[in-house]
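These notes are about the structure you will find just below.
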Amino acid sequence: MVALSCIMNQTTGLPTYKQLFNWSRCRTYQISPVSNAPVCYSTEALKYGQSAFLFGLVICQTINLIMCRTRRTSVVLHGMNNSYLNLSILFSLLACILVAYFLPFNIAFNTRDNIFMHFGTPAIPFALGILIIEEMRKLFAVVFKPDATGRPNWWERLTVW
């Protein structure tokens with residue numbers, strides 16, 4: 001796909017470039033606080049996208065950390081009693097917020113402040129998917145009983161580390 005067409009001017013001999021496509025209408029009307037420019041179709045959009053990816057990564061890894069605490073026991077039954085784990089989750093969320101919303105870090109890390117539509121719409125369904133899949137895996141590991149020889153069941157042998 002070609003984005004520009006080049007036409008040589010016969011009188012001057014210089015090339016003239018013409019855009020071959022039109023941009024669609026912008027659906028998120030947001031002005032960047034750093035550059036005071038609209039976010040759509042600018043380099044600011046990349047910075048917002050990188051910040052949204054950072055938020056999504058932190059959200060999904062936090063859910064993954066909570067789910068990997070036990071091999072067979074559900075998170076609901078086990079509870080959140082590990083104070084170091086809770087402190088690490090709090091610190092990672094605060095670091096993410098600091099990098100995204102504090103102006104000196106915005107400039108240093110090329111991040112921007114995000115609205116929920118930027119990071120929540122893609123990240124929350126993936127986090128809920130991780131939560132549901134891991135809870136189902138733990139349920140199947142507990143429900144299926146060992147065989148007659150005492151060997152763990154098929155599901156437990158293949159999915160519980």
What are the pairs, 6+ residues apart or on separate chains, where a residue within segment 142-155 that is in contact (Cβ under 8 Å) with a residue 40 or more places away in the chain has its Cβ under 8 Å from a residue that is surrounded by 11 or more Cβ atoms within 10 Å (Cβ to Cβ)? VAL142/ARG72
Every residue in segment 98-145 that is under 18 Å from ASN36 (Cα atoms), surrounded by 11 or more Cβ atoms within 10 Å (Cβ to Cβ) and out of contact with any Ser or Thr (no Cβ under 9 Å at 6 or more places or on another chain), please. PHE102
Looking at the structure I just gave you, is ALA45 among the hydrophobic types (A, V, I, L, M, F, W, C), in contact (Cβ under 8 Å) with a residue 40 or more places away in the chain and closer than 20 Å to ALA108 by Cβ? no
Taking LEU20 as meeting all but one of (1) exposed (fewer than 11 other Cβ atoms within 10 Å of the Cβ); (2) at pLDDT 85 or above; (3) not aromatic (Phe, Trp, Tyr), write down the number of the exception. (2)
Quick one: count up the residues across segment 31-78 that are under 16 Å from ASN114 (Cβ atoms) and buried (at least 17 other Cβ atoms within 10 Å of the Cβ). 14
Mind checking whether some residue in segment 145-160 is in contact with a Lys or Arg (Cβ under 7 Å, 6 or more places away or on another chain) and part of a helix (DSSP H, G or I)? yes
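The values are calculated or read from the model by the stated rules, or taken from the named source; none is laboratory data. Keep in mind that what you see is a predicted model, and the values were worked out from it rather than measured. Heads up, the Cβs are rebuilt from the backbone with ideal geometry, glycines too, and the neighbour counts pull from every protein chain shown.
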